[in-house]
């Protein structure tokens, strides 16, 4: 796990002064264990390293031997099947390390772009062939690892985080300070994250999950997509709990590849419990006796706990906005940051349960979406739009977007006549949008802010297609979603009661905002990014509506509005995040 950045220049162009130095500084938190770079007249690469595999020899960039073409690679991520690929595809290649990432370079040098679609893991990488002048940018097919690009008159710039690209001083990367992109802001406040086609900064875009960009003369010459869900490689016609157990154990075992200590984020829910059970099975099989380190967060409701929570939120809300340079107003950022900070004292890698709901159909909205009446599609307007917070222009544009997206959702006849297709369409919406653009951004930024690698066994080239292509009955049964996963847990660990009613995890931000509303409401309403989008009276009303007894709809919307105000102050106006929330909001920049 690392940070990468760099550029491919157009003929006759030069990079901005100190561009790589600025990228390296902006990405230092992602790679606190060292850095390296490669430059020639056309290309510049920077890599900041978090040492996980081959601690002694795994420093990057990797450069292929002259006899293999001398290509160059920098990468962020882990390739879990690298040993098998070395044996099957790279015989005789003179590897300089045991690093999994170096295998990517050997594959590209020997077999070209198509071979990279065999990678099992999470990754974002840049490759360059000095002989042909051709480059390549790739991102894993589910978008676990981030990658951003900025095309300018001088060439193509890329980095693991938006903040690293903006640090280079590239022209036109920020919106007008007095007029932030209203549609992006509206989307963050209404649905807490933004899709790929609504970037915060118009000149910077995400490389899409599975996208492979061929670069020639500093321009994108070709674009391909690695899409492992398009074809089911597993016969799931008659799935069994034993078959699921085999798939899960295989994925968890692959995700244990490391030369450093590992832990697990454990919520007590179905997904993290399944991973924990698989870990215990693997330890038992291998005769291991070391305890499995797990990290859990909880919120108590006593007076002392509430006071401590308020202090923690006041101290960390600004840091949450700082970490998410790609804005995600998910209140789970707060406990995830806290867990990452604590886990980083003991381990460098944690497993997490993201992906279980999307690939194995765990969300209640999937069950509702299969009904003829009462379908609960993820493209419906959010609480801000329903409350009429925005002006006519943003309201119309957001409404049009939702209607267009909703038109792709299954209609009544499809839901009744083709339940597998209808369910797959609902899942794909989340897999392609919600998962990479909310959950995985949150996980990456929170963990990497503390130099911690996150791994997601449910998001995997083999396990994910297995879950996605299961028949409907194996996904949705009498006990709700994730039926096959729960059935295995009921056999393996019945004490966890997997078919019991799911307990949602909430962070009591509503109570804290309610307690501080007298201070926060006028500051949020006057904040530049908010004032250009929502009337002062409406913004104050949202903050004042936060529910002191919990979150509720008022607390959720109040948090999103507060988060966006903080994010805009920090990322658009350059306000220091290392200060209390009220001072961040009051700062003039």
message: Whether any residue in the range 83-105 is closer than 18 Å to residue 257 by Cβ and within 21 Å of the chain's Cα centre (by Cα) is what I want to check.
response: yes
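Given the residues 94, 100, 54, which is the only one that is buried (at least 18 other Cβ atoms within 10 Å of the Cβ) and part of a loop (DSSP other than H, G, I, E, B)?
Values: 94 fails: buried (at least 18 other Cβ atoms within 10 Å of the Cβ); 54 fails: buried (at least 18 other Cβ atoms within 10 Å of the Cβ).
Unique residue meeting the criteria: 100.
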When the range 65-91 is checked residue by residue, the ones that are closer than 26 Å to residue 159 by Cα and outside any loop (DSSP other than H, G, I, E, B) are 72, 73, 74, 75, 76, 77, 78, 79, 82
Scanning the range 246-267 for residues that are within 15 Å of residue 463 (Cβ to Cβ) and touching a helix residue (DSSP H, G or I) at 6+ places or on another chain (Cβ under 6 Å) gives 247, 248, 249, 251, 252, 253
Subset of the range 83-94, residues farther than 19 Å from residue 117 by Cα and either in contact with a helix residue (DSSP H, G or I) (Cβ under 6 Å, 6 or more places away or on another chain) or not assigned by TED's automatic domain parsing to the domain that holds residue 63 (or both), comes to 93
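Go through the range 120-139 and count every residue that is part of a loop (DSSP other than H, G, I, E, B) and farther than 30 Å from residue 41 by Cβ. Talk me through it step by step, then tell me what you get.
Going through the range 120-139, the residues part of a loop (DSSP other than H, G, I, E, B) turn out to be 120, 130-133.
Okay, now just the ones that are also farther than 30 Å from residue 41 by Cβ, so 120.
Residues in the range 120-139 being part of a loop (DSSP other than H, G, I, E, B) and farther than 30 Å from residue 41 by Cβ: 1 in total.
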Note on the range 268-292: residues touching a helix residue (DSSP H, G or I) at 6+ places or on another chain (Cβ under 8 Å) and modelled with pLDDT of 95 or more are 270, 271, 273, 274, 275, 277, 278, 279, 281, 282
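For every residue, the table says whether it meets (1) in a loop (DSSP other than H, G, I, E, B); (2) without any contact (Cβ under 8 Å) to a residue 40 or more places away in the chain; (3) not assigned by TED's automatic domain parsing to the domain that holds residue 192.
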{"residue": "379", "(1), (2), (3)": "yes, no, yes"}
{"residue": "393", "(1), (2), (3)": "no, no, yes"}
{"residue": "398", "(1), (2), (3)": "no, no, yes"}
{"residue": "403", "(1), (2), (3)": "no, yes, yes"}
{"residue": "416", "(1), (2), (3)": "no, no, yes"}
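In this structure, is residue 200 surrounded by 13 or more Cβ atoms within 10 Å (Cβ to Cβ), in contact (Cβ under 8 Å) with a residue 12 or more places away in the chain and outside any helix (DSSP H, G or I)? Can you show your working first?
Values: surrounded by 13 or more Cβ atoms within 10 Å (Cβ to Cβ): yes; in contact (Cβ under 8 Å) with a residue 12 or more places away in the chain: yes; outside any helix (DSSP H, G or I): yes.
Yes: the conditions hold for residue 200.
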Exactly one of 92, 98, 58 is over 23 Å from residue 43 (Cα atoms) and touching a residue at least 40 places away in the same chain (Cβ under 8 Å), and that residue is 98
Note on residue 60: of the conditions (1) crowded, with 24+ Cβ neighbours inside 10 Å; (2) in a strand (DSSP E or B), unmet is (2)
Regarding residue 423, is this residue crowded, with 16+ Cβ neighbours inside 10 Å and over 20 Å from residue 373 (Cα atoms)? no
Expected output for the range 229-253 (first residue at pLDDT below 95, partner part of a loop (DSSP other than H, G, I, E, B) and surrounded by 18 or more Cβ atoms within 10 Å (Cβ to Cβ), Cβ below 7 Å, 6+ apart or cross-chain) is 232/469; 234/469; 236/469; 236/470; 239/470
Considering the range 3-36, residues that are in a strand (DSSP E or B) and touching a helix residue (DSSP H, G or I) at 6+ places or on another chain (Cβ under 6 Å), and then whichever is surrounded by the fewest Cβ atoms within 10 Å (Cβ to Cβ), we arrive at 35
Note on the range 490-512: residues crowded, with 23+ Cβ neighbours inside 10 Å and either under 17 Å from residue 245 (Cβ atoms) or free of Cβ contacts under 8 Å to residues at least 40 places away in the same chain (or both) are 498
Those residues of the range 524-555 which are modelled with pLDDT of 90 or more and buried (at least 20 other Cβ atoms within 10 Å of the Cβ) amount to 524, 525, 527, 529, 530, 533, 534, 539, 542, 543
Flagged in the range 343-365 as at pLDDT 95 or above and not in a loop (DSSP other than H, G, I, E, B), in numbering order, are 343, 349, 350, 351, 356, 357, 358, 359, 360
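The values are calculated or read from the model by the stated rules, or taken from the named source; none is laboratory data. As the structure is a prediction and not an experimental result, all values here were calculated from the model. In this analysis, Cβ positions are derived from the backbone assuming ideal geometry, glycine residues included, and neighbour counts consider all displayed protein chains.
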